[in-house]
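Q: For reference, the structure I am asking about is given below.
The values are calculated or read from the model by the stated rules, or taken from the named source; none is laboratory data. Because the structure is predicted, anything quoted here is derived from the model rather than measured. All Cβ positions, even for glycine, are placed from backbone atoms using ideal geometry, and neighbour counts span all protein chains on display. Note: accessible area is taken over every heavy atom of the protein model, side chains too, but ligands, DNA and RNA are not part of it. Shrake-Rupley method; radii C 1.70, N 1.55, O 1.52, S 1.80 Å.
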Protein chains: 2
Amino acid sequence: MSEQPKTSPSRARKARDVSQWHRETDIAIVGFGGAGGCAAIEAADAGSSVSIFELASASGGSTAMSSAEIYMGGSGGTRVQQACGFEDSTEAMVTYMMMSAGPQADEEKIRNYCENSDEHFQWLVDIGVPFKDSFHQERAIMCLTDDGLLYTGSEKAYPFAQQAKPCPRGHNLQVEGDNGGPLFMKIVTENVAKREAITVQYETRALTLIVDDEDRVVGLVIRQNQQEINVRAHQGVILCAGGFVMNDDMLRKYAPMLSAGTEPIGNPGDTGSGILMGLSVGGAAINMHEGFISLPYYPPANMTKGIVIDDKGQRFINEDVYHGRLGAFAVRQQSERIYFIVTVEQYGDYERVSYLGAQVAGTGETVAELEQELGLRQGTLQQTLAVYNEDCVNGEDTICHKAAEWLEPLQPPLVALDITPGRGAFVPYFTLGGLDTLPTGEVVNPNRQVIPGLYAAGRTACGVVRRAEGYSSGMSVGDATFSGRMAGKSAAAAQPH
Amino acid sequence: MSEQPKTSPSRARKARDVSQWHRETDIAIVGFGGAGGCAAIEAADAGSSVSIFELASASGGSTAMSSAEIYMGGSGGTRVQQACGFEDSTEAMVTYMMMSAGPQADEEKIRNYCENSDEHFQWLVDIGVPFKDSFHQERAIMCLTDDGLLYTGSEKAYPFAQQAKPCPRGHNLQVEGDNGGPLFMKIVTENVAKREAITVQYETRALTLIVDDEDRVVGLVIRQNQQEINVRAHQGVILCAGGFVMNDDMLRKYAPMLSAGTEPIGNPGDTGSGILMGLSVGGAAINMHEGFISLPYYPPANMTKGIVIDDKGQRFINEDVYHGRLGAFAVRQQSERIYFIVTVEQYGDYERVSYLGAQVAGTGETVAELEQELGLRQGTLQQTLAVYNEDCVNGEDTICHKAAEWLEPLQPPLVALDITPGRGAFVPYFTLGGLDTLPTGEVVNPNRQVIPGLYAAGRTACGVVRRAEGYSSGMSVGDATFSGRMAGKSAAAAQPH
């Protein structure tokens, strides 16, 4: 006999076992990050009463911890893109995002995202999110100025640039320093506060969903002050509880690739409880193996002029890709070491401004000397650099197709940084798998049948962004805020039960 | 309003909606392949009545389509290993299988498999499976002689051999030609037939599980002669319905890596219905992204003396690994082409006996000529071969660590085969994700709580073998037969309900 389990996200409660409904609302939202906040605003503006339940003592979620770049563009371009002289197109954006997502792309969802991207920009502006009409020229992971627009992905890099016309789509909030996330969540929280139809309950854990005999989600169990409270949600429950990067057991089972990472990116609530609740009522969790995993080797942008090699002394990736793509390819090589080779001059920049934390593995007044220090076979790195430097002179990287703007011969003395995951470098990671949803935010089962009454958004859902190798900064917050809005609107349009 | 769905594996039926139980049994088994057959024998031998429901018109499943090599060894070695002069150890076998499975390894399950491997061998012998006490020397994917033992994985290859003492563990049935699968299932089917406690119903589709109000699995709905029949299973249901390699929608959602494959390996019933049924009652499906995907480049074994290069003219893997490991690394490179470079002499052998089907992409009287034909940058392949040939002379592959026995300088004229997935070569694949189970075969939810009354085995479960890059022939049938037995025994020991 298995013992009777206590209330857990993995076991939904039956409505017939609920002796009392302690609270009622039209829409219950689990989690007050970017997705939950945007869902609440849309649902309230459509006339529903909304209750947000947040585990922490304040709003924010992982969105507040991020830079809150937002990936937007498409037809004609946003106001900022246009003001900065960039002409974007929906097709270019769709093509780029489809390549990014790979074979597991959800084309319907990507099209919906791209076709409504300009509208999303306007909605953000309308709730008070400030974007300055200025372009940030520098290659950066996050924008430390208040510029409104920058390249945040692999748009200009092989193989993307060859198939989709490059355009910058990373929209950065008008604020100095890396403060986009806190500002964004402050604005969202103020918008929530001024809507009377929304109530927010902090320090409240969502324990499990409640389903009726027809498997409709009709509410959820929350815990407040050590008491279990049954909440009736007449129009539905929206799960915006983040991903599962803080749940080691789930990571090992579902996303083993991320075990190469060193720093989970997320808030303590990212335990996968939202995904588990969805699974418990028959929702499908998809793309669970994928995540963002990165070797954040820039800034300085100058590092892009270096080369990355494996333990064979060979290059395997163009070094002008987004740092997540470089990370994804680094972890999948059969190689005991991965090195970043730079000149002493470039290393000086690196030492000043990088936060990669990679240690120096060797230096050399000559390439042969560096080769020896790294224990590489004699001649291998010499050959790699001879070819690379010749290609730089000719302006075409014939091996890995790095764009011409980054091609500059690497002259000794040289420095090798050990960027092997697990050898000291900072390797951030977070999850990209979650509940399968329609573009409306409705959660579906593995046959894509809708689970009535259940919605998901943000990293609890599997959104438009599906792979480290195709990630661009701004895609996750872009997806979280947009998918939150879709779910809020859909739930508010549902027939009350 | 969502319309009322018809009976589907993704929606379990409630016992309270069952107006009539048409049949009763102690244990219901879905699927009569290797897992289902072994489960039935064990359950019947433990005193339970068993009903097997098989979609096809005969027993067999994907086991009958396989070579039915069975991966066994461990402490002291099986009778065959010992007779052939090999001393195996449980620790060496555990180490190898843990490396094979990678970060997502289930150590408890692997230990149980390895520690009971010798007993499994004896059980198979006892039901009449013949193994000859002879060793097959040749490197082969499948054994075409009646020899009982051969190396079927990467045991002797880097990086495995450096950490786990190599030992052959692929046990081959005593039968000429590639006829192990049919013979194995003939023996299992005869064993089932002579047990009166087992009834087998062919041409019977399992539609969905039936659960009571406490979420215990108490039976299933089957369809026979276009009629839905409710079957009460007092001790439990064992899902042995194979994987999901024939379900394109599930492949795209869960295992996008396999989209590089050309030939699904499995029977038409491998639609994932068993996994979907488990999910519908809260079971966890794990490791769903992984599968076997292979470039079966040997036989001839001589191909192992060739080298594999990418579009940079570089090697990236030791060519003496199992063909599935080579396939897994081939699909994860950023490379538009993958070539196999062999001498004209080796190509002659290849043309005679290979079934890889890769086309000739270029030939060269000199390396420079071949380089040009392949459109490689001048000098790259020349450098790769210069290093390789020098290493061959020295007897140590300093680049990719191929074992010394395969090192022979490659002298022009040379031939390049295009083994890029999608360019004509045969790339077989099947799935390795499934329901999470305890070593007993009990299905668990994402919190590893047991779903009462539900068991799974074979490719419907996620077993000991978890990755293409660590696969060895015989691991899947080994796991299917062993896990089937565990599930049969556990269900037969369960309290009837």
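Q: Compute the accessible area of each residue in the range B:92-127 twice, once for its chain alone and once with every protein chain present, using a 1.4 Å probe on heavy atoms, and list those whose area falls by at least 20 Å².
A: Listed in order, they are B:P103, B:Q104.
Q: Check which residues have an amide H placed less than 5 Å from A:I29's amide H, if you skip close sequence neighbours.
A: Those lying under 5 Å, H to H, from A:I29 are A:S51, A:I52, A:F53, A:I238.
Q: Quick one: what are the phi-derived ³J(HN,Hα) couplings along the range B:459-465, Karplus 6.51/-1.76/1.60 with θ = phi - 60°, whole Hz, x for glycine and proline?
A: Result, rounded to whole Hz: 6, 6, 9, 9, x, 7, 9.
Q: I would also like to ask the following. I'd like the orientation of helix A:180-193 relative to chain A: the angle between its Cα long axis and the longest Cα principal axis, in ° from 0 to 90, rounded to 10.
A: Tilt of helix A:180-193: around 10 degrees.
Q: Checking a compactness column here: for the range B:137-180, what do you get for Rg(Cα) / (2.2 N^0.38 Å), N being the number of residues? Don't skip to the end; give the middle numbers.
A: Numbers: Rg = 11.6 Å, N = 44, 2.2 N^0.38 = 9.3 Å.
Dividing the Cα Rg of the range B:137-180 by 2.2 N^0.38 Å gives 1.25.
Q: Ignoring everything but the protein chains, give the 1.4 Å probe accessible area of A:K156 in square angstrom, nearest 10.
A: Near enough 90 Å² of accessible area.
Q: Please report the antiparallel percentage of the DSSP beta bridges confined to chain B, to the nearest 5. Don't skip to the answer; put the middle values down first.
A: Values: 37 of 61 bridges.
Percentage antiparallel, nearest 5: 60.
Q: Quick one: which residues, 5+ away or cross-chain, put their amide H under 5 Å from the amide H of B:E24? H built at 1.01 Å from N.
A: Result for B:E24 returns B:R232.
Q: Please work out the ratio of the alpha-carbon Rg of the range A:1-129 to 2.2 N^0.38 Å and round it to two decimals. Write out the running numbers ahead of the final one.
A: Working: Rg = 20.1 Å, N = 129, 2.2 N^0.38 = 13.9 Å.
Here the answer is 1.44, to two decimals.
Q: What's the buried accessible area, both sides, between B and A using a 1.4 Å probe, rounded to 100 Å²? Spell out each step's value before the answer.
A: Numbers: alone 19470 and 19460 Å², together 33750 Å².
Chain pair B/A: roughly 5200 Å² of buried accessible area.
Q: Could you work out the relative contact order of the range A:280-387, using alpha carbon pairs under 8 angstrom and six or more residues apart, expressed as a whole percent?
A: Details: 123 pairs, mean separation 30.2, N = 108.
Relative contact order here is 28 percent.
Q: What order do you get for A:31-41, A:297-307 when each peptide is scored by the mean count of other beta carbon atoms within 10 Å, highest first?
A: Details: A:31-41: 32.8, A:297-307: 22.2.
Going by the mean number of other Cβ atoms within 10 Å, highest first, we get A:31-41, A:297-307.
Q: Long-range amide H contacts for A:T208: which residues qualify at under 5 Å (H placed 1.01 Å from N, peptide plane, sequence gap of 5 or more or a different chain)?
A: Long-range HN contacts for A:T208: A:V221.
Q: Only bridges with both residues in the protein assembly as shown count here: give the DSSP antiparallel percent, nearest 5. Could you put the intermediate results ahead of the total?
A: Details: 74 of 122 bridges.
So the antiparallel bridges amount to about 60 percent of the total.
Q: With a Cα-only, solvent-free Debye model of chain A, what are the log10 I(q)/I(0) values at q = 0.05, 0.07 Å⁻¹?
A: -0.20, -0.39
Q: Could you tell me the distance between the Cα centroids of the range A:321-390 and the range B:12-55, to the nearest Å?
A: Spelled out, the Cα-based centre of one part sits 59 Å from the other.
Q: 7 Å along Cα→Cβ for the label point: how many nanometres lie between A:G85 and each equivalent label in the other copies, listed shortest first?
A: Output for A:G85: 7.8 nm, nearest copy listed first.
Q: Over the protein assembly as shown, with every protein chain in place, what whole percent of the accessible area is carbon and sulfur at 1.4 Å, could you tell me? Could the numbers behind the result be given before it?
A: On the way: 15710 of 33750 Å².
The computed percentage sits at 47.
Q: Expressed as cubic angstrom per residue, what is the convex hull volume of the alpha carbon set of the range A:179-274?
A: On the way: hull volume 14.7 nm³, N = 96.
Measuring per residue, one finds 153 Å³ for the Cα hull of the range A:179-274.
Q: Can you list the HN-Hα couplings for the range B:385-397, worked out from phi with the Karplus curve (6.51, -1.76, 1.60; θ = phi - 60°), rounded to whole Hz and with x for Gly and Pro?
A: Once θ is set to phi - 60°, the couplings for the range B:385-397 become 6, 4, 5, 4, 5, 5, 4, 4, 4, 7, x, 9, 7 Hz.
Q: Less than 12 Å Cβ to Cβ from B:V344, Lys/Arg counted +1 and Asp/Glu -1: what total charge do the surrounding residues give? Don't jump to the answer; show the numbers that get you there.
A: On the way: positive: none; negative: B:E345, B:D349, B:E351, B:E365.
For residues surrounding B:V344, the net value is -4.
Q: I'd like the orientation of helix A:344-353 relative to chain A: the angle between its Cα long axis and the longest Cα principal axis, in ° from 0 to 90, rounded to 10.
A: 20 degrees
Q: Sticking with the crude label model, points 7 Å out along Cα→Cβ, report the distance from A:Q359 to A:Q495 in nm, one decimal please.
A: 6.5 nm
Q: Here's a follow-up. Mind listing the Cα extents of the range B:73-120 along all three principal axes, in Å, largest one first?
A: Sorted largest first, the three principal extents are 35, 17, 12 Å.
Q: Under 21 Å Cα to Cα from A:K6, which lysines show up? Leave out anything in the same chain fewer than 8 places away.
A: The reachable lysines, counting only those whose Cα sits under 21 Å from A:K6, are A:K14.
Q: With Rg and the Kirkwood Rh both taken from Cα atoms, where does Rg over Rh land for the range A:212-335? Please list the in-between numbers first.
A: Numbers: Rg = 20.4 Å, Rh = 17.8 Å.
A ratio of 1.15.
Q: Ranked by accessible surface with a 1.4 Å probe, highest first, in what order do B:K6, B:K14 come?
A: Final ranking, largest accessible area leading: B:K6, B:K14.
Q: Now for a different question. Can you tell me the mean projection area, over all orientations, of the convex hull of the protein assembly as shown's alpha carbons? Units nm², please.
A: Details: hull surface 152.3 nm².
Average projection, Cα convex hull of the protein assembly as shown: 38.1 nm².
Q: Suppose R0 equals 41 Å; then what is the FRET efficiency for B:E228 and B:T440 from their Cβ-Cβ distance, rounded to the nearest 0.05? Intermediate values should be presented prior to the final figure.
A: Values: r = 31 Å, r/R0 = 0.75.
After rounding, the FRET efficiency stands at 0.85.
Q: Then there's this: Convert 37 °C to kelvin, take the viscosity as 0.692 mPa s, use the Kirkwood radius over C-alpha pairs of the range A:407-459 as Rh, and evaluate the Stokes-Einstein diffusion coefficient in µm²/s, rounded to a whole number.
A: Rounded, D is 210 µm²/s.
Q: Continuing with the same structure: Restricting attention to the alpha-carbon atoms of the range A:383-493, what are Rg (one decimal) and Dmax (integer), both in Å?
A: 22.2, 65
Q: Could you pull out the GluC sites (Glu not before Pro) across the range B:201-241 that fall in loop regions by DSSP (anything but H, G, I, E, B) with no more than 12 other Cβ atoms inside 10 Å?
A: Here the GluC sites (Glu not before Pro) that fit, given the DSSP loop and packing criteria, are B:E214.
Q: I need the phi-derived Karplus couplings for the range B:292-305: 6.51 cos²θ - 1.76 cosθ + 1.60, θ = phi - 60°, integer Hz, Gly and Pro marked x.
A: The phi angles translate into 7, 9, 9, 10, x, 7, 10, x, x, 4, 4, 4, 4, 7 Hz.
Q: Once the dipole of the protein assembly as shown is set up with Lys and Arg at +1 and Asp and Glu at -1 on Cβ about the Cα centre, which of B:S57, B:Q224, A:G60 lies farthest towards its positive end?
A: B:Q224
Q: 7 Å along Cα→Cβ for the label point: how many nanometres lie between B:L144 and each equivalent label in the other copies, listed shortest first?
A: For B:L144, the other copies' label points sit at 6.6 nm, shortest first.
Q: Toward the positive end of the charge dipole of the protein assembly as shown, about the Cα centre and with charges on Cβ (Lys, Arg +1; Asp, Glu -1), which of B:L276, A:T420, B:I293 goes farthest?
A: Farthest towards the positive end: B:L276.
Q: Working with all protein chains in place, sort B:S490, A:S75, A:S294 by solvent-accessible area computed with a 1.4 Å probe, largest first. Can you show the working numbers first?
A: Details: B:S490 30, A:S75 80, A:S294 0 Å².
So, going from the largest accessible area down, we get A:S75, B:S490, A:S294.
Q: Rounded to the nearest 500, what is chain A's calculated 222 nm mean residue ellipticity when only DSSP H runs of at least 4 contribute -39500 (n - 2.57) each, over all residues?
A: On the way: 14 runs with 141 residues, N = 497.
Here the helix-only value at 222 nm equals -8500 deg cm²/dmol.
Q: Please compute, for peptide A:275-282, the average count of beta-carbon atoms on other protein chains lying within 10 Å of each residue's beta-carbon. Working shown, then result.
A: Numbers: counts 1, 4, 0, 0, 7, 5, 1, 8.
Across A:275-282, the average partner-chain Cβ count within 10 Å equals 3.
Q: Accessible area per residue, 1.4 Å probe, Å², for the range A:263-336: what's the number? Working shown, then result.
A: Values: 1230 Å² over 74 residues.
Result: 17 Å² per residue.
Q: Something else now. Please compute the average number of Cβ atoms from other chains found within 10 Å of each residue's Cβ in peptide A:194-204.
A: Values: counts 0, 0, 0, 0, 0, 0, 0, 0, 0, 0, 0.
If you average over the peptide's residues, the count of other-chain Cβ atoms is 0.
Q: Assuming R0 = 35 Å, what is the FRET efficiency of A:Q201 and A:E119, from their Cβ-Cβ distance, to the nearest 0.05?
A: Computed FRET efficiency for A:Q201 and A:E119: 0.70.
Q: Sticking with this one: Using only the C-alpha atoms of the range A:374-446, find the volume of their convex hull and express it per residue in Å³. Let's see the in-between values first.
A: Working: hull volume 16.1 nm³, N = 73.
Cα-based convex hull of the range A:374-446, divided per residue, equals 220 Å³.
Q: Further question: Nearest-to-axis residue of chain B, judged by Cβ, for the B-to-A rotation, with distance in whole Å?
A: Whole-Å result, nearest residue of chain B to the axis: B:H289, 2.
Q: Here is a follow-up. What average count of beta carbons from other chains do you get within 10 Å of the Cβ of residues in A:366-377? Mind dumping the intermediate values first?
A: On the way: counts 0, 0, 0, 0, 0, 0, 0, 0, 0, 0, 2, 6.
The mean count of partner-chain Cβ atoms within 10 Å per residue comes to 1.
Q: How far apart are the A:A493 label points across copies, placing each 7 Å from Cα toward Cβ, in nm, shortest first?
A: Values, ascending and in nm: 5.5.
Q: Related question: What would the Debye equation give as log₁₀ I(q)/I(0) for the range A:242-308 at q = 0.22, 0.26 Å⁻¹, counting only Cα atoms as equal point scatterers?
A: Log-scaled intensity ratios, in q order: -0.93, -1.16.
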